Amino acid sequence: MLNLIWVGFFLTAFAAALWQYFIAGQEDVFALLMKSGFDNAKLAFEIALGLTGVMCLWLGIMKIGERAGFLDALARLLAPLFARLFPEVPRGHPALGSITMNMAANMLGLDNAATPMGIKAMRELQELNPDKETASNAQILFLVINASAITLLPVTIFTYRAQLGAADPTDVFMPLLFATYCSTLAGFVFVAAMQRIRLDRVVLAWVAGLTLVVAGLAGYFASLPPEQLAPRSSLISNVLLLSLIMLFLLGALWRRVNAYEAFVDGAKEGFGVAVTIIPYLVAMLVAIGMLRASGALGVAMEGVRRGVAGLGLDTAWVDALPTMLMKPLSGSGARAMMIETMQTHGADSFAGRLASIVQGSTETTFYVLAVYFGAVGIKRVRYAVAGGLVADLAGFVAAVGVAYLFFMG
């Protein structure tokens, strides 16, 4: 799918350039396309290079938290809940431990740790699956929760925003938390209805507790004057993040963990991650840059903008639409769309902030499905795709809503 999208970008850009040259009489259009390609290849490298320091910082901090035992503690906290959400999995089965570790890693933003744990959990669930080619209820619920991916620390989003010049890279933290909560809740409710999951006191307590926390935060921010929303969100976000760093460091001291060595080990992983993404950024940013230089992207966005305006709706959110459309299909593609939006409109523009919130509101549904189900040979996915797309839609709608609330006052 991603291959077709990527090739399609180039073919569309070339077709649009032919139109511009022969019909519109723009003789320099091909030169502009090639210049855009070279400029965006250079930009991709510069972004990846600039990411290195910030990525090393955050992954180093995350490694301290992991070695200090916070990942294990979160896993133990989640264990009673997941034991009830997956009733077909026997108590004490290794799959429950792998599921809780995967979810805990996702919440802390430890992507490199979450994926291997997720594949391990899916393989252990496959051992309990009576039909090896058809996804079981437990596998579907696990996949949809992964696809909606509630993340308490969206480190990658902060990193890109910092690299692209955001005055306060973490100012999207609270809006992003609201959006990802909505996507996770929508995905869970859909699957729970399909599977008729019994909502006992533990499940209801978790859902009610999370809902009350989010509703309380939403009520607090709704009570503020519009001009105070963004500054207060920024203050709370930075206090929470700094407090978490202090908690990790104090936990490391308490557990006699060498925090410095843990940070260095995590920072080494951050360097590797930054280098690894260079080819993906070059591939997608060059394609998107040529699409924009050809005029095709502008024409498409203007068409959508006119349609939205014709319905009497505000059109400010339309500039983030490419990120929304790409997100279920490709993580690297959506990331490139987010970067391109921030590069074009500014990291602190409404479109730049909204694209950041969209990028962090859900996971990449089709990628998660391909990796997790592909790892165990599942061919019939039943309603897993529908559950993931329901979560995506809820996350996108919530992202637009909170972006208007926080940044259009």
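Look at region 266-287: where a residue is at negative phi and assigned to a loop (DSSP other than H, G, I, E, B) and a partner is among the charged types (D, E, K, R) and at pLDDT 75 or above, sitting 6+ places away or on another chain with Cβ atoms under 9 Å, you get Ile277/Arg335.
Can you confirm whether Thr170 is touching a Ser or Thr at 6+ places or on another chain (Cβ under 9 Å), of a type in the set (S, T, N, Q) and either surrounded by 13 or more Cβ atoms within 10 Å (Cβ to Cβ) or at pLDDT 90 or above (or both)? Answer is yes for this residue. Within region 363-374, the set of residues being under 15 Å from Met326 (Cα atoms) and not in a loop (DSSP other than H, G, I, E, B) comprises Thr365, Phe366, Tyr367, Val368. From the list Glu133, Glu88, Glu124, the lone residue that is modelled with pLDDT of 75 or more, in contact with a Leu (Cβ under 8 Å, 6 or more places away or on another chain), under 23 Å from Gly387 (Cβ atoms) and among the charged types (D, E, K, R) is Glu88.
In the set Gly298, Gly352, Gly310, only one residue is within 30 Å of Ile23 (Cα to Cα), over 14 Å from the mean Cα position of the chain (by Cα) and at pLDDT 85 or above; that residue is Gly310.
Residues checked against (1) surrounded by 24 or more Cβ atoms within 10 Å (Cβ to Cβ); (2) within 28 Å of Leu143 (Cβ to Cβ); (3) aliphatic (A, V, I, L, M):
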| site | (1), (2), (3) |
| --- | --- |
| Ala296 | no, no, yes |
| Val318 | no, no, yes |
| Lys327 | yes, yes, no |
| Met338 | yes, yes, yes |
| Thr341 | yes, no, no |
| Ser356 | yes, yes, no |
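Every listed requirement among (1) buried (at least 24 other Cβ atoms within 10 Å of the Cβ); (2) part of a loop (DSSP other than H, G, I, E, B); (3) acidic (Asp, Glu) is met by Asp392 save one, (2).
Take region 250-265 and flag every residue that is farther than 16 Å from Leu57 by Cβ and aromatic (Phe, Trp, Tyr). Passing the criteria: only Trp254. If the condition is being within 17 Å of Ala355 (Cβ to Cβ), of a type outside the set (Val, Ile, Thr) and in contact with a Ser or Thr (Cβ under 6 Å, 6 or more places away or on another chain), then region 302-318 contributes only Arg305.
Within region 43-64, does at least one residue satisfy the condition of being free of Cβ contacts under 8 Å to residues at least 60 places away in the same chain and closer than 30 Å to Lys268 by Cα? Yes, region 43-64 contains a residue that is free of Cβ contacts under 8 Å to residues at least 60 places away in the same chain and closer than 30 Å to Lys268 by Cα. Could you tell me whether any residue of region 339-346 is of a type in the set (A, V, I, L, M, F, W, C) and within 15 Å of the chain's Cα centre (by Cα)? Yes, there is a match, as at least one residue in region 339-346 is of a type in the set (A, V, I, L, M, F, W, C) and within 15 Å of the chain's Cα centre (by Cα).
What do you reckon, is Ala334 in a helix (DSSP H, G or I) and at pLDDT below 85?
Criteria met by Ala334.
Among the conditions (1) small (Gly, Ala, Ser); (2) in a helix (DSSP H, G or I); (3) closer than 30 Å to Pro130 by Cβ, Gly377 misses just one, which is (2).
The values are calculated or read from the model by the stated rules, or taken from the named source; none is laboratory data. From a predicted model like this one, the values you see are computed outputs, not experimental measurements. Cβ sites come from the backbone with ideal geometry, for glycine too, and all protein chains shown count toward neighbours.
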